[in-house]
Amino acid sequence: MKTIVANWKMNGSLGLLHQALNAWQMKDSPNIVVLCLPSVFLPAAHNLLHQPNFFMGGQDCHTNLQGAFTGDTSAQHLHDAGCRYVLVGHSERRQYHHESNALVKAKAQAALTAGLTPIICIGESLEQKEQGLTLSVLKEQIEHSVPDNKASDFYVAYEPIWAIGTGLVAALEDIQQVHAFLKKELGARIKLLYGGSVTADNYASILDLENVDGILVGGASLKADDFGKMVQYS
Ligand code: 13P
(Lines give C-alpha, C1' and ligand atoms only; values in the text may rest on other atoms or scores of the structure.)
Protein backbone atom coordinates (compact mmCIF):
# COMPACT_ATOMS: atom_id res chain seq x y z
CA MET A 1 0.00 0.00 0.00
CA LYS A 2 1.42 3.37 -1.06
CA THR A 3 0.40 6.90 -0.09
CA ILE A 4 -0.69 9.01 -3.03
CA VAL A 5 -0.88 12.72 -2.17
CA ALA A 6 -2.36 15.48 -4.33
CA ASN A 7 -1.21 19.04 -3.72
CA TRP A 8 -3.52 21.37 -5.61
CA LYS A 9 -1.60 24.45 -4.37
CA MET A 10 -3.67 27.57 -5.22
CA ASN A 11 -5.28 25.84 -8.22
CA GLY A 12 -8.42 23.98 -9.18
CA SER A 13 -12.08 24.88 -8.78
CA LEU A 14 -15.20 23.54 -7.09
CA GLY A 15 -16.26 22.18 -10.47
CA LEU A 16 -13.05 20.17 -10.80
CA LEU A 17 -13.37 19.01 -7.20
CA HIS A 18 -16.80 17.47 -7.87
CA GLN A 19 -15.72 15.90 -11.13
CA ALA A 20 -12.43 14.53 -9.81
CA LEU A 21 -13.68 13.20 -6.48
CA ASN A 22 -16.52 11.36 -8.17
CA ALA A 23 -14.17 9.82 -10.73
CA TRP A 24 -11.43 8.86 -8.25
CA GLN A 25 -13.84 7.16 -5.85
CA MET A 26 -15.67 5.07 -8.49
CA LYS A 27 -13.38 2.12 -7.71
CA ASP A 28 -11.78 1.06 -4.42
CA SER A 29 -8.15 2.18 -4.25
CA PRO A 30 -5.53 -0.14 -2.77
CA ASN A 31 -3.65 2.94 -1.51
CA ILE A 32 -3.99 5.76 1.00
CA VAL A 33 -5.05 8.85 -0.92
CA VAL A 34 -4.54 12.31 0.60
CA LEU A 35 -5.97 15.43 -1.03
CA CYS A 36 -4.24 18.65 0.02
CA LEU A 37 -6.74 21.17 -1.24
CA PRO A 38 -7.18 24.93 -0.98
CA SER A 39 -8.67 25.40 2.52
CA VAL A 40 -11.88 26.93 1.23
CA PHE A 41 -12.67 23.71 -0.67
CA LEU A 42 -12.31 21.45 2.39
CA PRO A 43 -15.98 21.50 3.53
CA ALA A 44 -17.17 20.67 0.01
CA ALA A 45 -14.60 17.89 -0.27
CA HIS A 46 -15.58 16.54 3.15
CA ASN A 47 -19.15 16.09 1.91
CA LEU A 48 -18.00 14.34 -1.26
CA LEU A 49 -15.54 11.86 0.27
CA HIS A 50 -16.97 8.40 0.84
CA GLN A 51 -14.11 5.94 0.28
CA PRO A 52 -12.54 4.93 3.61
CA ASN A 53 -8.95 5.33 2.46
CA PHE A 54 -9.41 8.86 1.04
CA PHE A 55 -8.35 11.67 3.37
CA MET A 56 -8.03 15.44 3.26
CA GLY A 57 -4.94 17.47 4.07
CA GLY A 58 -4.11 21.14 4.52
CA GLN A 59 -1.28 22.81 2.61
CA ASP A 60 0.19 24.71 5.57
CA CYS A 61 -0.60 25.53 9.20
CA HIS A 62 0.39 28.08 11.80
CA THR A 63 2.66 27.29 14.75
CA ASN A 64 -0.13 28.30 17.16
CA LEU A 65 -3.39 26.40 17.39
CA GLN A 66 -5.37 29.62 17.74
CA GLY A 67 -4.89 33.35 18.22
CA ALA A 68 -4.81 36.75 16.56
CA PHE A 69 -3.14 35.71 13.29
CA THR A 70 -5.36 37.12 10.56
CA GLY A 71 -5.35 35.08 7.39
CA ASP A 72 -3.44 32.11 8.81
CA THR A 73 -4.68 28.53 9.10
CA SER A 74 -4.73 26.61 12.37
CA ALA A 75 -3.90 22.90 12.49
CA GLN A 76 -6.75 22.58 14.99
CA HIS A 77 -9.17 24.09 12.49
CA LEU A 78 -7.92 21.80 9.74
CA HIS A 79 -8.56 18.88 12.07
CA ASP A 80 -12.05 20.23 12.87
CA ALA A 81 -12.75 20.50 9.15
CA GLY A 82 -11.98 16.80 8.73
CA CYS A 83 -8.31 16.82 7.70
CA ARG A 84 -5.96 14.09 8.84
CA TYR A 85 -2.78 15.44 7.22
CA VAL A 86 -1.05 18.75 6.56
CA LEU A 87 1.90 19.72 4.38
CA VAL A 88 4.53 21.79 6.15
CA GLY A 89 7.69 23.36 4.77
CA HIS A 90 6.78 23.06 1.11
CA SER A 91 9.55 24.72 -0.90
CA GLU A 92 7.07 27.34 -2.13
CA ARG A 93 6.39 28.28 1.50
CA ARG A 94 10.11 28.26 2.27
CA GLN A 95 10.79 30.44 -0.79
CA TYR A 96 7.87 32.89 -0.93
CA HIS A 97 7.15 33.11 2.80
CA HIS A 98 10.75 32.80 3.95
CA GLU A 99 10.01 29.82 6.19
CA SER A 100 13.03 28.54 8.11
CA ASN A 101 13.68 24.98 9.27
CA ALA A 102 12.89 26.07 12.83
CA LEU A 103 9.50 27.46 11.78
CA VAL A 104 8.72 24.32 9.79
CA LYS A 105 9.57 22.20 12.83
CA ALA A 106 7.26 24.30 15.04
CA LYS A 107 4.47 23.89 12.47
CA ALA A 108 5.02 20.12 12.37
CA GLN A 109 4.81 20.05 16.17
CA ALA A 110 1.58 22.12 16.12
CA ALA A 111 0.14 19.66 13.58
CA LEU A 112 0.97 16.71 15.82
CA THR A 113 -0.58 18.46 18.84
CA ALA A 114 -3.77 19.00 16.83
CA GLY A 115 -3.91 15.31 15.89
CA LEU A 116 -2.76 15.75 12.28
CA THR A 117 0.00 13.86 10.51
CA PRO A 118 2.49 16.38 9.14
CA ILE A 119 4.08 15.82 5.75
CA ILE A 120 7.39 17.66 6.08
CA CYS A 121 8.82 18.75 2.73
CA ILE A 122 12.53 18.99 2.04
CA GLY A 123 14.64 19.32 -1.09
CA GLU A 124 17.74 20.84 -2.61
CA SER A 125 18.04 23.63 -5.19
CA LEU A 126 19.63 23.09 -8.60
CA GLU A 127 22.71 24.99 -7.51
CA GLN A 128 23.11 22.80 -4.44
CA LYS A 129 22.63 19.67 -6.55
CA GLU A 130 25.25 20.82 -9.04
CA GLN A 131 27.68 21.42 -6.21
CA GLY A 132 27.14 17.87 -4.95
CA LEU A 133 25.51 19.13 -1.76
CA THR A 134 22.20 17.23 -2.01
CA LEU A 135 22.68 14.84 0.92
CA SER A 136 24.24 17.43 3.23
CA VAL A 137 21.41 19.92 2.52
CA LEU A 138 18.80 17.24 3.21
CA LYS A 139 20.57 16.15 6.39
CA GLU A 140 20.55 19.73 7.65
CA GLN A 141 16.87 20.11 6.73
CA ILE A 142 15.79 16.96 8.54
CA GLU A 143 17.96 17.73 11.55
CA HIS A 144 16.24 21.09 12.00
CA SER A 145 12.72 20.71 10.59
CA VAL A 146 11.68 17.28 11.84
CA PRO A 147 9.99 16.95 15.28
CA ASP A 148 12.23 15.81 18.13
CA ASN A 149 10.01 12.87 18.95
CA LYS A 150 10.86 10.40 16.21
CA ALA A 151 8.18 8.08 17.58
CA SER A 152 5.51 10.50 16.30
CA ASP A 153 3.74 9.75 13.07
CA PHE A 154 4.92 11.94 10.25
CA TYR A 155 5.93 11.77 6.62
CA VAL A 156 8.91 13.34 4.93
CA ALA A 157 8.50 14.35 1.29
CA TYR A 158 11.64 14.65 -0.81
CA GLU A 159 10.92 17.29 -3.43
CA PRO A 160 13.99 18.53 -5.31
CA ILE A 161 13.19 22.21 -5.90
CA TRP A 162 14.47 22.07 -9.49
CA ALA A 163 12.00 19.25 -10.26
CA ILE A 164 8.87 21.08 -9.05
CA GLY A 165 6.63 22.17 -11.90
CA THR A 166 9.51 22.03 -14.37
CA GLY A 167 8.92 18.69 -16.08
CA LEU A 168 12.39 17.65 -14.88
CA VAL A 169 12.10 14.55 -12.76
CA ALA A 170 14.97 13.26 -10.62
CA ALA A 171 16.72 10.19 -12.04
CA LEU A 172 15.44 6.94 -10.54
CA GLU A 173 18.92 6.11 -9.21
CA ASP A 174 19.08 9.50 -7.49
CA ILE A 175 15.65 9.06 -5.89
CA GLN A 176 16.70 5.62 -4.72
CA GLN A 177 19.95 6.90 -3.26
CA VAL A 178 18.31 9.85 -1.47
CA HIS A 179 15.48 7.73 -0.07
CA ALA A 180 17.92 5.07 1.22
CA PHE A 181 19.86 7.87 2.93
CA LEU A 182 16.69 9.37 4.46
CA LYS A 183 15.44 5.99 5.72
CA LYS A 184 18.79 5.45 7.41
CA GLU A 185 18.73 8.90 9.00
CA LEU A 186 15.06 8.89 10.03
CA GLY A 187 14.37 5.23 10.77
CA ALA A 188 12.35 2.71 8.84
CA ARG A 189 8.95 3.69 10.24
CA ILE A 190 8.99 7.23 8.84
CA LYS A 191 7.23 7.16 5.49
CA LEU A 192 8.95 8.83 2.55
CA LEU A 193 7.27 10.46 -0.43
CA TYR A 194 8.87 11.66 -3.66
CA GLY A 195 7.54 14.80 -5.35
CA GLY A 196 8.57 16.84 -8.39
CA SER A 197 7.10 16.45 -11.89
CA VAL A 198 5.40 13.15 -11.15
CA THR A 199 3.20 12.34 -14.15
CA ALA A 200 0.95 9.56 -15.45
CA ASP A 201 3.97 8.32 -17.41
CA ASN A 202 6.56 8.11 -14.62
CA TYR A 203 4.63 7.52 -11.37
CA ALA A 204 4.71 3.72 -11.52
CA SER A 205 8.47 3.46 -11.97
CA ILE A 206 8.95 5.86 -9.02
CA LEU A 207 6.50 3.99 -6.78
CA ASP A 208 8.22 0.70 -7.66
CA LEU A 209 11.49 1.94 -6.09
CA GLU A 210 12.60 0.59 -2.75
CA ASN A 211 12.09 3.07 0.12
CA VAL A 212 9.54 5.13 -1.84
CA ASP A 213 6.36 4.89 0.24
CA GLY A 214 4.37 7.26 -1.92
CA ILE A 215 4.27 10.31 -4.16
CA LEU A 216 3.38 13.98 -3.74
CA VAL A 217 1.83 15.23 -6.94
CA GLY A 218 1.26 18.85 -7.98
CA GLY A 219 0.27 19.62 -11.58
CA ALA A 220 -0.81 16.09 -12.52
CA SER A 221 -3.22 15.94 -9.55
CA LEU A 222 -5.31 18.58 -11.33
CA LYS A 223 -5.78 16.21 -14.27
CA ALA A 224 -8.57 13.91 -13.14
CA ASP A 225 -7.63 11.05 -15.50
CA ASP A 226 -3.92 11.14 -14.72
CA PHE A 227 -4.28 11.27 -10.94
CA GLY A 228 -7.04 8.64 -11.18
CA LYS A 229 -4.46 6.23 -12.59
CA MET A 230 -2.04 6.96 -9.73
CA VAL A 231 -4.78 6.34 -7.16
CA GLN A 232 -5.18 2.83 -8.61
CA TYR A 233 -1.44 1.90 -8.47
CA SER A 234 -0.89 -1.65 -7.29
P1 13P B 1 4.62 19.23 -9.61
O2 13P B 1 4.10 17.81 -9.51
O3 13P B 1 3.71 20.14 -10.35
O4 13P B 1 6.04 19.27 -10.08
O5 13P B 1 4.63 19.80 -8.11
C6 13P B 1 5.23 19.06 -7.12
C7 13P B 1 4.88 19.64 -5.82
O8 13P B 1 5.31 20.73 -5.48
C9 13P B 1 3.98 18.87 -4.96
O10 13P B 1 3.99 19.37 -3.66
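The values are calculated or read from the model by the stated rules, or taken from the named source; none is laboratory data. None of these values were measured; they are calculated from a predicted model. For neighbour counting, all protein chains shown are included, and Cβ atoms are generated from backbone atoms with ideal geometry for every residue, glycine included. Protein only, heavy atoms only, side chains kept; ligands, DNA and RNA dropped before computing areas. Shrake-Rupley method; radii C 1.70, N 1.55, O 1.52, S 1.80 Å.
Can you pull the percent of the chain's accessible area that's carbon plus sulfur, 1.4 Å probe, other chains left in place?
Carbon and sulfur atoms account for 52 percent of the accessible area of the chain.
Working note: 222 nm ellipticity from helices only, DSSP H runs with n ≥ 4, each -39,500 (n - 2.57), summed and divided by the residues of the chain, gives -10500 deg cm²/dmol to the nearest 500. Between residue 113 and residue 200, the modelled labels are 4.4 nm apart [label points 7 Å from Cα along Cα→Cβ]. The dipole here belongs to the chain: it is taken about the Cα centre, uses +1 on the Cβ of Lys and Arg and -1 on the Cβ of Asp and Glu, and is about 440 debye.
The stretch between residue 46 and residue 168, if pulled fully straight at 0.36 nm per residue, gains 40.6 nm over its current Cα-Cα span. Each peptide among 17-26, 33-42 gets the average number of other Cβ atoms lying within 10 Å of its residues, and from highest to lowest they stand as 33-42, 17-26.
A simple spin-label model places pseudo-atoms 7 Å from Cα toward Cβ; at residue 96 and residue 14 they are separated by 2.3 nm.
Rolling a 1.4 Å sphere over the protein heavy atoms, what is the accessible area per residue of the chain, to the nearest Å²? Write out the running numbers ahead of the final one.
Values: 10540 Å² over 234 residues.
Ligands and nucleic acids excluded, the result is 45 Å² per residue.
Across the chain, the mean sequence separation of Cα contacts (distance under 8 Å, 6 or more residues apart), normalised by length, yields a relative contact order of 21 percent. Identify the residues of segment 166-190 with backbone N under 12 Å of a label point that sits 7 angstrom from the Cα of residue 127 along the Cα-to-Cβ direction, or state none. Zone members listed by number: none at all. Which residues make up the longest stretch of the chain that has no trypsin sites (Lys or Arg not before Pro) in a DSSP loop with at most 14 other Cβ atoms within 10 Å? Segment 28-149 is the longest. The modelled label-to-label distance between residue 22 and residue 209, using points 7 Å beyond Cα along the C-beta direction, is 3.7 nm. Partners of residue 105 within straight-line reach, counting lysines whose Cα lies under 19 Å from its Cα and excluding those fewer than 8 residues away in the same chain: 139, 150, 183, 191.
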